[in-house]
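The values are calculated or read from the model by the stated rules, or taken from the named source; none is laboratory data. Quick caveat: nothing in here was measured; it's all calculated off a predicted structure. With ideal geometry, Cβ positions are generated from the backbone for all residues, glycine too; neighbour counts draw on all protein chains shown.
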Amino acid sequence: MMIMPLMFACNSPANKATTDFATTNTSAAEPVVKPDQLITPGKGIGHLTIGLPVDSAIARLGRPDSSDAAMGSSLIAWYSKDASKYRTAIFAGRNMGNEEVSRIKKIMVSSPWFKTKDGIATGATLADIEKNYKLKQVDDFTAQQKGLLVLDDIDKGITFDIDSISKKCMAITVHAAHESPGTYINMH
C-alpha cells in the first residue's frame, strides 16, 4: 500500500537516485511509466529494490508507521496520510551470523500510482493480470480471512492480492524471482 509522502519523497530532487532496472517504455502500445512509479517484477518498486539495506529505505521514506520484528526478520509499513490509507510495506531479513545488515526481501504497495511497464496496478482485474503473468495461488490463511486470493508468478517475482469477490487487485508485492513469496512475518 502506498503513502503520499513516498510519492513526494521519490519525486524530490534529493531522492532522484537512478536504478539500473527502472526504465521507461517507449512502445506506443504500452504506457510510459516513470522510474519512481515502476514495478519491476523480481527487482523492486520505484527506488526501492530487493537487496537494498532496510536502513536506506527508512532514510528515503522516513519513520515507519508500524513495524514488527522476530528471528532476524522485520516487517515495516508506511500509510498514506489521506483517507485512502494506501500502504507500502517492506519485509526485510538478514543472514543471521553472517551479515549485520538487514536487507529488503519483499516490497508491497497498494497505491495505483505504482505500475508495471505494461500498466498493471492495483485496481486491475484478474483477467487483465493473467494476460501477462502465469499465476499460482499461494496458501495464506491471514489473506484468505480478509477475502483475498494471493496469486504469484514465482518465475517473474511478483505477487498479486486479489479481492475474492470483485476479482480486482488490492496490492502488489515484488520478491526475488524463483523464490517463495512467503515471509516469516505475515505481510497481510
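Could you run through segment 147-169 and say how many residues are in contact (Cβ under 8 Å) with a residue 60 or more places away in the chain and either among the acidic types (Asp, Glu) or over 24 Å from GLY44 (Cβ atoms) (or both)?
Taking segment 147-169 first, the residues in contact (Cβ under 8 Å) with a residue 60 or more places away in the chain are 153, 156-158.
Still in the running and either among the acidic types (Asp, Glu) or over 24 Å from GLY44 (Cβ atoms) (or both): 153.
Adding up the residues that qualify gives 1.
Applying the criterion of being charged (D, E, K, R) and part of a loop (DSSP other than H, G, I, E, B) to the residues of segment 85-106, the residue that is nearest to LEU61 (Cα to Cα) is LYS85.
Flag: MET170 matches the condition of being in a strand (DSSP E or B), farther than 19 Å from PRO53 by Cα and either of a type in the set (S, T, N, Q) or out of contact with any helix residue (DSSP H, G or I) (no Cβ under 8 Å at 6 or more places or on another chain) (or both). Just to be sure, is ALA121 in a strand (DSSP E or B), in contact with a Ser or Thr (Cβ under 9 Å, 6 or more places away or on another chain) and either of a type in the set (Gly, Ala, Ser) or without any contact (Cβ under 8 Å) to a residue 40 or more places away in the chain (or both)? It is false that ALA121 is in a strand (DSSP E or B), in contact with a Ser or Thr (Cβ under 9 Å, 6 or more places away or on another chain) and either of a type in the set (Gly, Ala, Ser) or without any contact (Cβ under 8 Å) to a residue 40 or more places away in the chain (or both). One residue stands out among those in segment 91-119 that are over 14 Å from LEU52 (Cβ atoms) and small (Gly, Ala, Ser): the one that is farthest from the chain's Cα centre (by Cα), which is GLY97. If you go through segment 124-167 and keep only what is outside any loop (DSSP other than H, G, I, E, B), in contact with an Asp or Glu (Cβ under 7 Å, 6 or more places away or on another chain) and surrounded by fewer than 20 Cβ atoms within 10 Å (Cβ to Cβ), you end up with LYS136, VAL138, LEU148. For segment 127-146, what are the residues that are at pLDDT 95 or above and farther than 20 Å from GLY42 by Cα? If the condition is that a residue be at pLDDT 95 or above and farther than 20 Å from GLY42 by Cα, then ALA127 is the only one that fits.
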